[in-house]
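Enquirer: Below are the structure tokens for one structure; questions will follow.
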Amino acid sequence: MSAPTATADAEPMNRRQTLEALSGLLLVLFVAMLSSTVVSTALPKIIGALNGSQTQYTWVVTATLLTATATTPIWGKLADLFNKKLLIQVAIVVFLAGSVAAGFAHSAGQLIAARAFQGIGVGGLQALVQVAIAAMIPPRERGRYNGYLGGVMALATVGGPLLGGLIVDTSWLGWRWCFFVGVPVAVIALILLQVTLHLPTGRRDNVKIDYLGATLIAAGVSLLLVWISFVDDSFAWLSWQTGAMVGGSVLLLALAVLVESRAAEPVVPLEIVRERTTALAILGSLAVGMAMFGGAVFLGQYFQIGRGYSPTEAGLLTIPMMAGVLLSSIVAGRLITASGKIKPYIVAGSVILVAGFALLGTIDHETSLVLVGAAMFVVGVGVGMTMQNLVLAVQNTVALKDIGAASSTVAFFRSLGGTIGVSVLGAVLARRVTDRITHDLAAAGIPTSGGSGGSTLNLAALPEPVRNIVRAAYGDATGHIFLISAAIAVVGILAALLLKPVTLRSSLDLPDTARSVAVAADAVDGAPAFDEVAVDVTGPGERARR
């Protein structure tokens, strides 16, 4: 036969099978999230122990986001071509190797490099878990399971900072266990996935992977993010370095678009990105990622450096935000499944997210913790109603054979937004803190020694008067970061308002796509069959619309 062979089943799994498979996938998601949250409250002590600076503090977070962002669309495209289960397991192994390397780091530079390698695995996990879930559960039913995703998100985000705080506060463990602690969990996830996850494997003849497009995208995005991280610190906005990096990034990404438009198997299919729902979801995810990652990553720093709490206490103080995520994701998910409507919840969540960041924008180093907790809860509610549902809105518009590319594209832009947010807001925070410390030290008659007082996060090494000035500077500057996050998140409201109101489908695949595949298979084999990958079907622009 001339047609490629494949096996696929477009029928949804029953509830027991779904929950069994979800157990491993959710554990994988937990491991990926834990890698970031377990160091969030511990990072000030980690960087202090390694004698790192504020710039390096930001880069420990940015390095993981950068490589995760650059590799996410590649993982997603591979999921459309190869065994999804095997790819998830490969991503876990890469993540494990990066975690072990980070645990053995002896300098801030080594830690940043290890975290960058770890990010390659994180990029795979954040894309592939979404793809696997989309291959098992129809969009209409997926809202119900978003509650489980929200629960895992809340557990990892609350438990991670608490665990990280306990680890660095326990003398016989030490900060290195913040990276080692995820190793046994990841091993368990590997075993559990092997036993419970049974996805159909599609095999195509003459598969062509767009290596050139993938390389150009990764290089263009990486160069842009490196510029964002160093501009206004190592060099000026208007400088030859800026011209070279920005110009080079624009050129690389323009070449990537040209290559993607001509590739047989593009990493980021342009016909999917051009669709209204996908384009708006990308814009919304970009804004949400910039606001959420960029703002939330500095909360642990605010509580520890700005307010003087221990890592464990800082972890406990983040519980209101995670409670908001858990509550809103469960409630909104069930309402979406019941009604089939998704736009109202994305719009409401976007508005709530802006309101929460606006409230956080009022804080300083003396703000009541009740007010801070209430603002964090509001932010959590907004995140729980928007993040997963933006992905779900896109998955509802594409055929099952394109689910990997579509899901990873949204995750890619969300991570891109997060990386830009962390880098830009971190640079703004560092500049405001340095200016404030220099001013207050001069006012107190304390020699600044070139501003060294603000260049280290190891507060224990500073004299008491200087330590108090540094704490006040960080506490007061953080509120400004959240105001910027609120302004960025307004873009998410505009994108949500422009989304088309649709009813989520109850089938795994688009109805017209399923019928086309079945007819084509019948013509080849002489018998009806479902084949999600054997036959080329119509593009996204020609799909049936509700």
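The values are calculated or read from the model by the stated rules, or taken from the named source; none is laboratory data. Predicted model only: the values in this text are computed from it and were never measured. All Cβ positions, even for glycine, are placed from backbone atoms using ideal geometry, and neighbour counts span all protein chains on display. Only protein heavy atoms, including side chains, enter the accessible area calculation; ligands, DNA and RNA are left aside. Shrake-Rupley method; radii C 1.70, N 1.55, O 1.52, S 1.80 Å.
Enquirer: Starting from residues that are surrounded by fewer than 23 Cβ atoms within 10 Å (Cβ to Cβ) and of a type in the set (S, T, N, Q), keep the ones in region 137-178 and report whichever is modelled with the lowest pLDDT.
Expert: Applying the filter and picking the extreme gives Ser171.
Enquirer: Phe293: closer than 21 Å to Ile488 by Cα and at pLDDT below 85, yes or no?
Expert: Answer is yes for this residue.
Enquirer: Scan the helices (runs of 4 or more DSSP H) fully inside region 244-360 and keep the ones with 1 or more residues being touching a helix residue (DSSP H, G or I) at 6+ places or on another chain (Cβ under 6 Å) and over 30 Å from Arg467 (Cα atoms).
Expert: 270-273, 276-296, 319-339, 343-360
Enquirer: Confirm whether Tyr345 is more than 27 Å from Val502 (Cβ to Cβ) and not acidic (Asp, Glu).
Expert: no
Enquirer: Also, quick follow-up: I'd like the residue in region 250-259 that is at pLDDT 90 or above and surrounded by 15 or more Cβ atoms within 10 Å (Cβ to Cβ) and, out of all such residues, is nearest to Arg431 (Cα to Cα).
Expert: Among residues in region 250-259 that are at pLDDT 90 or above and surrounded by 15 or more Cβ atoms within 10 Å (Cβ to Cβ), the one nearest to Arg431 (Cα to Cα) is Leu252.
Enquirer: Mind listing just one residue for me: the one in region 366-388 that is open to solvent by less than 20 Å² (accessible area, probe 1.4 Å), among the hydrophobic types (A, V, I, L, M, F, W, C) and within 20 Å of the chain's Cα centre (by Cα) and, of those, nearest to Ile342 (Cα to Cα)?
Expert: This residue is Met387.
Enquirer: Restricting attention to region 257-283, report how many residues are closer than 23 Å to Ala495 by Cβ and aliphatic (A, V, I, L, M).
Expert: Going through region 257-283 one residue at a time, the tally reaches 10.
Enquirer: Right, something else. Given the residues Ser449, Ser408, which is the only one that is at pLDDT below 75, out of contact with any strand residue (DSSP E or B) (no Cβ under 8 Å at 6 or more places or on another chain) and surrounded by fewer than 16 Cβ atoms within 10 Å (Cβ to Cβ)?
Expert: After applying the criteria, what remains is Ser449.
Enquirer: Quick check on my filter: what residues within region 318-341 are more than 21 Å from the chain's Cα centre (by Cα) and crowded, with 24+ Cβ neighbours inside 10 Å?
Expert: If the condition is that a residue be more than 21 Å from the chain's Cα centre (by Cα) and crowded, with 24+ Cβ neighbours inside 10 Å, then Ile336 is the only one that fits.
Enquirer: Hey, can you tell me all the residues within region 95-124 that are open to solvent by less than 30 Å² (accessible area, probe 1.4 Å) and of a type in the set (A, V, I, L, M, F, W, C)?
Expert: Phe95, Leu96, Ala102, Ala105, Ala108, Leu111, Ala114, Ala116, Val122, listed by residue number.
Residues are listed down the side, and each one gets a yes or a no for (1) modelled with pLDDT under 80; (2) open to solvent by less than 10 Å² (accessible area, probe 1.4 Å); (3) under 30 Å from Ser368 (Cβ atoms):
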site	(1), (2), (3)
Ser229	yes, no, no
Gly243	no, no, no
Arg262	no, no, no
Ile282	no, no, no
Gly289	yes, yes, yes
Phe303	no, yes, yes
Ser310	yes, no, yes
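Enquirer: Can you find a residue that is under 25 Å from Val422 (Cα atoms), in a helix (DSSP H, G or I), modelled with pLDDT of 80 or more and open to solvent by 50 Å² or more (accessible area, probe 1.4 Å) anywhere in region 459-482?
Expert: Checking region 459-482: at least one residue is under 25 Å from Val422 (Cα atoms), in a helix (DSSP H, G or I), modelled with pLDDT of 80 or more and open to solvent by 50 Å² or more (accessible area, probe 1.4 Å).
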